[in-house]
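For reference, the structure is listed below as structure tokens.
The values are calculated or read from the model by the stated rules, or taken from the named source; none is laboratory data. What you see is a predicted model; the values in this text were computed from it and never measured. We place every Cβ from the backbone using ideal geometry, glycine too, and count neighbours over all the protein chains shown. Heavy atoms of the whole protein, side chains included, go into the accessibility calculation; ligands, DNA and RNA do not. Shrake-Rupley method; radii C 1.70, N 1.55, O 1.52, S 1.80 Å.
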Amino acid sequence: MATLVVPNQTSPLEDAEALHKAFKGWGADNKAIIAILGHRNVSQRQEIRKAYEELFQEDLIKRLESEISGDFEKAVYRWMLEPADRDAVLANVAIRNGNKDYHAVVEIACVLSAEELLAMRHAYHNRYKRSLEEDVAANTTGNLRQLLVGLVSIFRYEGDEVNARLAQTEANILHESVKEKKGNYEEVIRILTTRSKTQLVATFNRYRDEHAISISKKLLDQTSDDFHKALHTAIRCINDHKKYYEKVLRQAIKKFGTDEDGLSRVVVTRAEKDLKDIKGLYYKRNSVHLEDAVAKDISGDYKKFILTLLGK
């Protein structure tokens, strides 16, 4: 379930005019910006953007970028983009990141539906005049390249059919590969980049039943390099993306100095989808409400905006 709270009736024209007014004078009226944009769904936000352009002959996103700054600006900017375009930006940022931090790319590739991933790849073409696969391949090597290119270019089957015999066979293949840290991962990559999510979950369950440990826990002992980290993230996202996101939030808040990028990414991308469920998992795991943890950790307009998206 979503956390976004949207009023029954809204007018894109009135919203555009109110935002224009919020930009007037010395420094923007951030409270008004949050009150409007923090309570509008994706189609309403696109309508406001269109109305703003028609009324004032300028792009609302560009105006927002010039009026606000820091983590608040980054979160609002990503919130204003259409989901496919936003995911394209997140993937590009992750690829260009000097820290070689690919989990955001894996996350997008493994959590989105087949149609959503395809739309995101189209958005990537339009925005960067290159393919996502091209950029991923140019920035990676070896097993990591094979895994990531496979994940971002798959159009997964989304039916509920499960082949139990295949799940058993492939659970055995996974076991043999991860048993040795320097195992042969070609087959693991093939399985993860070709099977449906339903089939993969059946395979992961089979693995856990046979070996009394989940494959993601088994891989935790080996997550020292980028490839093993990406593999671990892919399995977690396919198996239960809500639990995965809860962990991203927990780690983002736990860090010495918040990981604002991780926090914004989860809140902004999930607020209209399943953030309420993720919040429930967070409370169950940490015995503290996500809003309270966030409120303690961040400040200013960024805090107000994130709390608004959390439904506060």
Contact order normalised by residue count of the range 169-312, Cα under 8 Å, 6+ apart, percent: 15 percent
Is there a pair in Lys50/Lys303; Lys62/Lys254; Lys24/Lys276; Lys74/Lys254; Lys129/Lys243; Lys179/Lys279 whose C-alpha atoms are over 24 Å apart, and which pairs would that be? Lys50/Lys303; Lys62/Lys254; Lys24/Lys276; Lys129/Lys243; Lys179/Lys279
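Within 10 Å of each candidate Cβ there may be at most 10 other Cβ atoms; applying that plus a DSSP loop requirement, which chymotrypsin sites (Phe, Trp or Tyr not before Pro) in the range 235-312 survive?
Details: sites: Tyr244, Tyr245, Phe256, Tyr282, Tyr283, Tyr302, Phe305; in loops: Phe256.
Hits after loop and neighbour filter: Phe256.
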For the chain, what does -39500 (n - 2.57) per DSSP helix run (n ≥ 4), summed and divided by total residues, give at 222 nm, in deg cm²/dmol to the nearest 500? -22000 deg cm²/dmol
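Might you tell me the accessible area per residue for the range 168-266, computed with a 1.4 Å probe and given in Å²?
Details: 4560 Å² over 99 residues.
I get 46 Å² per residue for the range 168-266.
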Can you send over the carbon and sulfur percentage of the accessible area for the chain, probe radius 1.4 Å, protein chains only? 48 percent
Can you tell me the accessible area per residue over the range 36-145, all protein chains present, probe 1.4 angstrom, in square angstrom? 44 Å²
In degrees from 0 to 90, rounded to the nearest 10, what is the angle of the helix 226-254 Cα long axis to the longest principal axis of the chain? 40 degrees
Qualifying chymotrypsin sites (Phe, Trp or Tyr not before Pro) for the range 16-97 [loop in DSSP, other Cβ within 10 Å: at most 16]: Trp26
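Tell me the relative contact order for the range 1-147 as a rounded percent, counting alpha carbon contacts under 8 Å between residues six or more apart.
Values: 112 pairs, mean separation 23.7, N = 147.
Over the range 1-147, the number comes to 16 percent.
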Cα long-axis angle, helix 164-179 against the chain (0 to 90 degrees, to the nearest 10): 90 degrees
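Only Cα pairs under 8 Å and at least 6 apart count here; give the relative contact order of the range 234-312 as a rounded whole percent.
Details: 59 pairs, mean separation 22.6, N = 79.
Once divided by the residue count of the range 234-312, the mean separation gives 29 percent.
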Using the Karplus equation 6.51 cos²θ - 1.76 cosθ + 1.60 (θ = phi - 60°), what ³J(HN,Hα) coupling, rounded to whole Hz, does each residue of the range 277-288 give in order, writing x for Gly and Pro? 5, 5, 4, x, 5, 5, 5, 4, 7, 10, 6, 9
Please give the helix 83-96 orientation as an angle from the longest Cα principal axis of the chain, in degrees from 0 to 90, rounded to the nearest 10. 70 degrees
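Just flag the GluC sites (Glu not before Pro) in the range 2-81 sitting in loop per DSSP whose Cβ has no more than 14 other Cβ atoms within 10 Å.
On the way: sites: Glu14, Glu17, Glu47, Glu53, Glu54, Glu58, Glu65, Glu67, Glu73; in loops: Glu58.
Loop-located and lightly packed - Glu58.
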